[in-house]
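Remarks on the structure that follows.
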Amino acid sequence: MTTLLSSLKVIARPKIEPKPPILGKRMKLIEKLEEQLMMVQCNLKNEPFEVFKDKRIKDPDTGERTTVRKRKAVRPWYFDDKEHYYFEIKVGLKTLELDKGKAAIDVGKKEDLPAIIKTLIEAVEKGELDQQILLLSPPTPPKSRKPKVAATASKE
């Protein structure tokens with residue numbers, strides 16, 4: 001008589017290598033660039049731009065947790081000087097330098113901003129800005145898991 005478990009292929013757990021930390025940083029920067037792209041597109045169409053994030057809050061009286069949509073403030077990474085636009089890439093609160101001492105991208109007309117942002121998204125996806133990203137936010141070493149040591153009192 002065969003059992004259901006004997007029909008399964010059982011193996012030892014394979015060791016899975018951790019993903020490099022730059023992948024998470026790339027994804028976060030791409031997400032922020034896409035927000036900037038949406039902001040520019042809304043700005044060009046003269047439409048309001050709003051971004052929301054879900055936040056879990058705990059009711060102090062009942063202790064019940066609920067999810068609430070809150071408006072998220074997004075600051076533009078572009079600026080203008082006499083209708084000539086420039087764009088900066090932000091990683092956290094810092095500005096990313098594309099060349100030594102050069103952080104701004106000369107865009108020109110406001111209508112060219114979406115094309116510049118799409119080009120930047122492609123560059124981040126291909127890993128062209130990895131060195132600059134790691135300079136601004138170096139990877140943090142993984143937290144070591146120390147075994148818990150039972151406290152013992154010794155008598156002398």
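The values are calculated or read from the model by the stated rules, or taken from the named source; none is laboratory data. Computed from a prediction, not measured in an experiment: that's the story for all the values here. Here the Cβ is made from the backbone with ideal geometry for all residues, glycine too, and neighbour counts use every protein chain on show. These accessible areas exclude ligands, DNA and RNA; they are computed on the full protein's heavy atoms, side chains included. Shrake-Rupley method; radii C 1.70, N 1.55, O 1.52, S 1.80 Å.
Mean sequence separation of contacting Cα pairs (under 8 Å, at least six apart), scaled by the length of the range 49-128, corresponds to a relative contact order of 18 percent. A Förster distance of 35 Å, applied to the separation of the beta-carbon atoms of Val74 and Lys19, puts the FRET efficiency at 0.80. Just from its helices, what would the mean residue ellipticity at 222 nm be for the chain, if runs of 4 or more DSSP H residues each count -39500 (n - 2.57) and the sum is divided by every residue, rounded to the nearest 500 deg cm²/dmol? It lands at -9000 deg cm²/dmol. Measuring nothing but how far apart in sequence close Cα pairs (under 8 Å, 6+ apart) lie, relative to its length, the chain scores a relative contact order of 21 percent. Please work out which option in [x] 8, 24, 22, 18, 14, 9, 4, 1, 0; [y] 11, 43, 37, 8, 0; [z] 10, 39, 37, 11, 1 gives P(r) over Cα pairs in 10 Å bins from 0, in percent calculated from these coordinates, and answer with its label. Of the listed options [x] 8, 24, 22, 18, 14, 9, 4, 1, 0; [y] 11, 43, 37, 8, 0; [z] 10, 39, 37, 11, 1, [x] comes from this structure.
Taking the 1.4 Å solvent-accessible surface of the chain as the whole, the part contributed by carbon and sulfur is 54%.
Extension gain, Lys9 to Thr67: 0.36 nm times the residue separation minus the Cα-Cα distance gives 16.7 nm. Taking Lys and Arg as +1 and Asp and Glu as -1, the other residues whose beta-carbon sits under 9 Å from that of Arg26 total 0.
A 1.4 Å probe run over the range 30-125, with the rest of the protein chains in place, finds 71 Å² accessible per residue. Once the Cα-Cα distance is subtracted from the 0.36 nm per residue extended length, the Asp81 to Leu136 segment shows a gain of 17.1 nm.
With 21 Å as the limit, write out which pairs from Lys25/Lys45; Lys19/Lys53; Lys19/Lys55; Lys28/Lys55; Lys55/Lys118; Lys32/Lys126 have Cα-Cα distances beyond it, or answer none. Too far apart for the 21 Å limit: Lys25/Lys45; Lys19/Lys53; Lys19/Lys55; Lys55/Lys118. Annotation: peptides 25-36, 56-67, 41-52, ranked by per-residue average of other Cβ atoms within 10 Å with the highest first, follow the order 25-36, 41-52, 56-67. Once the Cβ-Cβ distance between Glu50 and Lys126 is put in as r, and R0 is 30 Å, what FRET efficiency do you end up with, to the nearest 0.05? So, using R0 = 30 Å, E works out to roughly 0.45.
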